[in-house]
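Data block below; observations after.
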Amino acid sequence: MSDSAFPLLAPYIKSATTKSLWLADENFLDANLPPNDAVICITNRIDLHEHLQKQGWKAFFSDYDLSIIEDNSLERVIYRVSKEKLVAHHLINEAYRCLKVGGELILAGGKNEGIKTYFTKAKALFGMGENSKNAKDTWLAKLIKTNQHSDDALDDKDYHQLRTGCIDDRFEYQSKPGIFGWDKVDKGSAYLIEHLDSFLMTLPEPPKNALDLGCGYGYLSLNLTHLDIPVTATDNNAAAIIACERNFARYPINAKVIAANCAQGIKDKFDLIVCNPPFHAGFSVDGDLTDRFLKAAHDHLNEQGIACFVTNMHIPLERKALKYFHQAECIMSNGNFKLIRLTHKM
């Protein structure tokens with residue numbers, strides 16, 4: 001899998017000689033760049049943070065909290081636009097705050113990803129800019145900060161603030177932009193919870209613990225509370241970790257939240273694993289993601305336990321799962337989603 005936008009930014013990361021910031025998200029993919037001492041990197045994904053640190057980069061993991069960067073202190077900010085519009089708005093605003101007058105923001109992205117609109121809005125904020133079309137309808141934009149103050153900040157809807165994303169008959173879920181399905185109850189996850197008993201009836205005894213693999217804002221975990229067992233929730237997205245912790249604090253649940261890439265570093269094994277795996281990385285479909293979640297479930301499932309996956313009908317999860325499990329059975333489907341039970345034992 002390749003991204004046509006990120007290579008446009010790589011020369012600006014490599015060539016930076018004065019204090020610069022690289023904003024990396026899931027569109028960074030597997031690009032490998034030698035570390036540049038003039039550049040620090042901030043990412044909202046724990047997997048990218050670990051990857052960059054291993055390469056020798058000065059990297060920080062947060063929900064794009066740029067408070068560690070002083071106002072008017074940078075010469076260059078490099079950013080491949082994110083999938084979520086409000087994340088992009090927030091980071092363009094923060095780039096303006098952090099850059100010196102005369103400093104530059106370098107953006108890249110596809111036309112269908114909103115890059116031309118971002119450029120137009122950012123140019124009004126920064127005061128000067130130019131953009132150019134490259135291969136595959138991908139655009140590179142350069143913005144120059146020409147003033148100390150502007151009234152043209154992009155509307156990021158108070159990006160950092162958690163807010164009520166959605167409500168059902170049991171919980172009010174605090175969430176925010178940048179989290180998968182942040183403002184709704186995902187229909188696939190709701191389908192899994194609706195039929196959770198169909199999974200549990202095959203266990204020889206009630207589960208003693210559970211793992212929510214890719215927890216998001218914590219919907220699946222919260223809807224396991226009636227089982228009265230300890231739950232471990234994990235995600236690699238910083239915003240998801242913050243929202244999930246907030247939701248756990250608001251309701252009586254015996255649970256903890258761990259930032260991890262597909263549960264890496266979590267040593268416990270579990271009787272019950274629930275998962276609604278993603279199959280997109282940034283703007284692209286990533287078939288390897290399903291395999292990574294299946295391997296994580298295999299590695300963390302007790303011998304007599306069950307893993308409960310929900311996925312879109314077109315994802316060949318059952319076939320992929322047989323690489324890791326003795327049994328992968330679709331227990332039901334509704335035309336849009338299917339529920340897959342995975343076990344180590346036949």
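The values are calculated or read from the model by the stated rules, or taken from the named source; none is laboratory data. The structure presented is a predicted model; accordingly, all values stated were derived computationally and were not measured. FYI the Cβ positions are ideal-geometry reconstructions off the backbone, even for glycines, and counts take in every protein chain you see. Ligands, DNA and RNA are excluded from the accessible area calculation, which covers all protein heavy atoms including side chains. Shrake-Rupley method; radii C 1.70, N 1.55, O 1.52, S 1.80 Å.
Note on region 94-184: enclosed strands (runs of 3 or more DSSP E) holding 2 or more residues that are crowded, with 20+ Cβ neighbours inside 10 Å, of a type in the set (A, V, I, L, M) and modelled with pLDDT of 95 or more are 99-110, 138-145.
Residue count for region 46-88 satisfying the condition of being of a type in the set (Ser, Thr, Tyr), open to solvent by less than 60 Å² (accessible area, probe 1.4 Å) and outside any strand (DSSP E or B): 4. Residues in region 314-346 that are open to solvent by 10 Å² or more (accessible area, probe 1.4 Å) and aliphatic (A, V, I, L, M): ILE315, LEU322, ALA328, ILE331, MET332, MET346. The single condition from (1) at pLDDT 95 or above; (2) within 18 Å of the chain's Cα centre (by Cα); (3) on the phi < 0 side of the Ramachandran plot that ARG292 fails is (1).
When PRO278 is tested against the conditions (1) at pLDDT 95 or above; (2) open to solvent by 50 Å² or more (accessible area, probe 1.4 Å), the lone failure is (1).
Here is a list: ASP271, ASP235. Which entry is modelled with pLDDT of 95 or more and under 14 Å from the mean Cα position of the chain (by Cα)? Selected residue: ASP235, the only one of ASP271, ASP235 that is modelled with pLDDT of 95 or more and under 14 Å from the mean Cα position of the chain (by Cα).
Restricting THR311, THR290 to those that are open to solvent by less than 20 Å² (accessible area, probe 1.4 Å) and free of Cβ contacts under 8 Å to residues at least 60 places away in the same chain reduces the list to THR290. Within region 220-254, the only residue that satisfies the criterion of being without any contact (Cβ under 8 Å) to a residue 60 or more places away in the chain, open to solvent by 20 Å² or more (accessible area, probe 1.4 Å) and among the hydroxyl-bearing types (Ser, Thr, Tyr) is THR225. Could you tell me whether region 31-42 includes any residue that is among the small types (Gly, Ala, Ser) and either touching a Cys at 6+ places or on another chain (Cβ under 8 Å) or open to solvent by less than 10 Å² (accessible area, probe 1.4 Å) (or both)? No, region 31-42 contains no residue that is among the small types (Gly, Ala, Ser) and either touching a Cys at 6+ places or on another chain (Cβ under 8 Å) or open to solvent by less than 10 Å² (accessible area, probe 1.4 Å) (or both).
Set side by side, the residues LYS58, LYS83 differ, and just one is under 22 Å from ASP235 (Cα atoms) and either in contact with a strand residue (DSSP E or B) (Cβ under 9 Å, 6 or more places away or on another chain) or not acidic (Asp, Glu) (or both), which is LYS83.
Could you please find all residues in region 293-304 being out of contact with any helix residue (DSSP H, G or I) (no Cβ under 8 Å at 6 or more places or on another chain) and buried (at least 24 other Cβ atoms within 10 Å of the Cβ)? Break it down into steps so the answer makes sense when it comes.
Step one: list which residues in region 293-304 are out of contact with any helix residue (DSSP H, G or I) (no Cβ under 8 Å at 6 or more places or on another chain), which gives 293, 295-304.
Once the filter is applied, which keeps residues that are out of contact with any helix residue (DSSP H, G or I) (no Cβ under 8 Å at 6 or more places or on another chain) and buried (at least 24 other Cβ atoms within 10 Å of the Cβ), region 293-304 yields PHE293, ALA296, ALA297.
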